[in-house]
Amino acid sequence: MTSAPSTHWSESLYRLIKAQKVRQVSVVPDAGHSALIRLCEADRDLQLVRLTTEEEGIALAAGAWLGGDKSVLLMQSSGVGNCINMLSLLSVCQFPLAMWITMRGDWAEFNPWQVPMGRATKNVLEEMGVLVSRAEREDEIAPLAEGTLRMAYNTLRPTALLIGQRLLGAKTFED
Amino acid sequence: MSAPVTTRSEMDQRLKRREVAKALLADRGDLLVVAGLGSAAWDVTAAGDHPLTFPLWGAMGGAPAIGLGLAIAQPDRRVVVVTGDGELLMGMGSLATIGIARPGNLSVVVLDNERYGETGMQESHTAHGVDLAAVAAACGFHKVSTITAMQQVEQLRADMHSVQGPLFAQIKIAAENLPLTLPPRDGTHLKNRFREALLGDKAHFQR
């Protein structure tokens, strides 16, 4: 089972999206982001874009910024591997984007196939020019997420917040 | 793997890509253009470098999704993605993403020579029967066409400026090796000139 994701931090992230005038939110679903996705779906002023793979979200963010829209990309850490070459678009052109990434393959992971990408997530992002921060406690999520948004759009670069698996609750499939 | 579906003599009679790009972008008005990497970007540049064109030098597979982000951000402007069959095949999932997002102002035009032109003219999947127009139709594009004549290109040009999208057009073109016509290669320059032309001074102060 997945521990029910707390909606408290999801609501904080939703308020942040609104306060920072983000207009496009793109997503490949993850259990940890499910409450935030629901909030964004219900908001008719936000454009929620459902992706088939995370790299589309990188490209979408570039197009959004060309047109004057700020965007956020929601995904789980396994999706970072799908983005590697597309991230060159952001670093070469200095496109801003904040990525909020829920971790798999770290604390108490039960699925061995998740572990390699979970271990590599931070290094892969940094090698491709993304500024990475990481939340280990629930009360860190909103302030760190605000930092990724402000830094992305004030300094014109991609940023990422990794949300640790320990605070999300590890999936087990045992219950 | 079987032989290509199209014979050499059939291929030679197909539309010429530079003529197609020039006709598509004639009298472009305030059209916003994203050009996929490789030959499509050179074709669009040969038709006339323009600040409201964003030509790609990499990010293969990303052109349609860039067009989608732009179309959502600028609902009152018409947006066209001009790309090649190889580039589109790498981002084929984005046709599904566009199909459900249903941007009425977006057109995706694929210049289909059934080849990877930048890497030695190896055959692509479309040379072996993959029908990209059928994929786009199945993904829910509002209007889909397969084009083999210049008269149809003229109709597509008109549709790109007026018809409810998303539109998809697959233009069958000859496999030609042409001189490169390169756009500027500094990505920050391409981004900044596009945003300035579109957003004015606000481009430099948005945060």
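The values are calculated or read from the model by the stated rules, or taken from the named source; none is laboratory data. Computed from a predicted structure; not experimentally measured. Note that each Cβ is placed from the backbone with ideal geometry, even for glycine, and that neighbours are counted across all protein chains shown.
From the list A:Leu167, A:Leu161, A:Leu125, A:Leu144, which one is at pLDDT below 95 and away from chain B (no Cβ under 14 Å)? Quick ask: steps written out before the conclusion?
Values: A:Leu161 fails: at pLDDT below 95; A:Leu125 fails: at pLDDT below 95; A:Leu144 fails: at pLDDT below 95.
When all the criteria are applied, what remains is A:Leu167.
Quickly run through the stretch A:141-172 and pick out the residues that are of a type in the set (D, E, K, R) and crowded, with 17+ Cβ neighbours inside 10 Å. Don't jump to the end; show me each part of the working.
Within the stretch A:141-172, the first condition is being of a type in the set (D, E, K, R), and the residues that meet it are A:146, A:150, A:157, A:166, A:171.
The answer is A:Glu146, A:Arg157, A:Lys171.
Just give me the residues in the stretch B:133-151 being outside any loop (DSSP other than H, G, I, E, B) and over 14 Å from B:Ser107 (Cβ atoms), in sequence order. Explain how you work it out, then say what you get.
The initial filter retains those residues of the stretch B:133-151 that are outside any loop (DSSP other than H, G, I, E, B), namely B:133-138, B:143-147, B:150-151.
Listed by number, the residues that qualify are B:Ala134, B:Val135, B:Ala137, B:Ala138, B:Thr146, B:Met150, B:Gln151.
What pairs come up if the first residue lies in the stretch A:31-53 and is over 21 Å from B:Ala96 (Cα atoms), the second is among the aromatic types (Phe, Trp, Tyr) and modelled with pLDDT under 95, and their beta carbons are under 9 Å apart, counting only those six or more places apart or on different chains?
A:Ala35/A:Trp9; A:Leu36/A:Trp9
Please count how many residues of the stretch B:155-207 are within 14 Å of B:Thr53 (Cα to Cα), within 14 Å of chain A (Cβ to nearest Cβ) and assigned to a loop (DSSP other than H, G, I, E, B).
Of the residues in that region, 4 qualify.
On the basis of being over 23 Å from A:Arg157 (Cα atoms) and among the small types (Gly, Ala, Ser), does A:Ala35 make the cut? I'd like the intermediate steps shown before the answer.
Values: over 23 Å from A:Arg157 (Cα atoms): yes; among the small types (Gly, Ala, Ser): yes.
For A:Ala35, the condition - over 23 Å from A:Arg157 (Cα atoms) and among the small types (Gly, Ala, Ser) - is met.
Out of the stretch B:173-194, which residues are under 20 Å from A:Pro158 (Cα atoms) and of a type in the set (Ser, Thr, Tyr)?
Result: B:Thr188, single match.
Considering only helices (runs of 4 or more DSSP H) fully contained in the stretch A:12-118, which possess at least 1 residues that are away from chain B (no Cβ under 14 Å)?
Details: elements: A:34-41, A:54-66, A:87-93.
The qualifying helices (runs of 4 or more DSSP H) are A:34-41.
If I filter the stretch A:33-55 for residues that are under 26 Å from A:Ala135 (Cα atoms), in contact with a Cys (Cβ under 8 Å, 6 or more places away or on another chain), of a type outside the set (Ser, Thr, Tyr) and crowded, with 23+ Cβ neighbours inside 10 Å, do I get at least one hit?
yes
If B:Ser94 passes every condition in (1) closer than 24 Å to B:Ala174 by Cβ; (2) crowded, with 22+ Cβ neighbours inside 10 Å; (3) in contact with an Asp or Glu (Cβ under 8 Å, 6 or more places away or on another chain) but one, which one does it miss?
All conditions pass for B:Ser94, except number (1).
For the stretch A:122-150, which residues satisfy the criterion of being assigned to a helix (DSSP H, G or I) and in contact (Cβ under 8 Å) with a residue 24 or more places away in the chain? Don't jump to the end; show me each part of the working.
Residues of the stretch A:122-150 assigned to a helix (DSSP H, G or I): A:122-127, A:138-150.
Of everything in the stretch A:122-150, those that are assigned to a helix (DSSP H, G or I) and in contact (Cβ under 8 Å) with a residue 24 or more places away in the chain turn out to be A:Lys122, A:Val124, A:Leu125, A:Glu138, A:Ile141, A:Ala142, A:Ala145, A:Glu146, A:Thr148, A:Leu149, A:Arg150.
For the stretch B:1-52, give me each residue that is closer than 21 Å to B:Gln74 by Cβ and of a type in the set (Lys, Arg).
Within the stretch B:1-52, just B:Arg28 meets the criteria.
Name the single residue, out of those in the stretch A:74-86 being surrounded by fewer than 24 Cβ atoms within 10 Å (Cβ to Cβ) and not small (Gly, Ala, Ser), that is farthest from the chain's Cα centre (by Cα).
Among those residues, the one meeting the criterion is A:Asn85.
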